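> Next up is a structure, given as C-alpha cells.
The values are calculated or read from the model by the stated rules, or taken from the named source; none is laboratory data. In this text the structure is predicted, and so the values were computed from the model without any measurement. Counting neighbours? That spans all protein chains shown, and the Cβs are built from the backbone with ideal geometry, glycine included.
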Amino acid sequence: MTNQSMLLPVFAQVTLTFVLLFSMAISRTRALKRKDVRMADIALGQMNWPPRVAQISNAYRNQFELPVLFFVLAALAIATGQVTTVLVVLAWVFVAFRVLHAFIHTGSNYVPNRFYAFAGSVFSLIAMWAVFAVQIMSAAG
C-alpha cells in the first residue's frame, strides 16, 4: 500500500472536522443573531448555548479526542513504512464510524446509537494499534 492510501482516510477525518467547525460557527452565529443567547452569557464558556448549538459544538469537540490517536497512528505508519492494506481498511472503518457518530450526534442524538458508533470507532482504532504494534515489533526482530 502507498502512503497516499493511508492519507485518504486522514483527509476524510480532517474534512469531517472542518464540516463540524463550519456547522458550529453557523449555528452559533444564528443563535446570537436570533438573540437566543447573549454575548455576555457565553463569553467565558459554552454552558449557556442553546441545546442545538451545544450539540454541534460537542460533536466538533469530539474530533479532538479519540481521532488524535488515529492521526498519530497514521503518521507513525507512514513514517515507519508500515502502511498495509489491513491498516488502510481499518482506517476507513474508523472514519466511517466517526462520520456516523457525528451524524447521530448532530441529528437525533439518540445516545444508544451514538454509543454504538463511538464503540465501533474505538474498537477499529484498537485493532489498528494492535496490527501496527505487531507489524512494527515483527519488523524490528
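> Can you confirm whether the range 29-47 contains a residue that is surrounded by 14 or more Cβ atoms within 10 Å (Cβ to Cβ), closer than 20 Å to Leu16 by Cα, touching a helix residue (DSSP H, G or I) at 6+ places or on another chain (Cβ under 9 Å) and among the small types (Gly, Ala, Ser)?
No: the range 29-47 contains no residue that is surrounded by 14 or more Cβ atoms within 10 Å (Cβ to Cβ), closer than 20 Å to Leu16 by Cα, touching a helix residue (DSSP H, G or I) at 6+ places or on another chain (Cβ under 9 Å) and among the small types (Gly, Ala, Ser).
> If you don't mind, there's one more thing I want to ask. Given the options Phe94, Phe115, name the one that is surrounded by 17 or more Cβ atoms within 10 Å (Cβ to Cβ) and either hydrophobic (A, V, I, L, M, F, W, C) or at pLDDT 95 or above (or both).
Phe94
> I've got another one for you. Tell me, which helices (runs of 4 or more DSSP H) lie completely within the range 41-141 with 2 or more residues that are in contact with a Phe, Trp or Tyr (Cβ under 7 Å, 6 or more places away or on another chain)?
Qualifying helices (runs of 4 or more DSSP H): 66-79, 85-106, 111-140.
> If you don't mind, there's one more thing I want to ask. For Phe97, work out the one condition from (1) within 21 Å of Asn3 (Cα to Cα); (2) touching a Gly at 6+ places or on another chain (Cβ under 6 Å) it doesn't fulfil.
It fails just one condition, (1).
> Of everything in the range 26-76, what is of a type in the set (Val, Ile, Thr) and over 19 Å from the mean Cα position of the chain (by Cα)? Give them in sequence order.
Correct list: Ile26, Thr29, Val37, Ile42.
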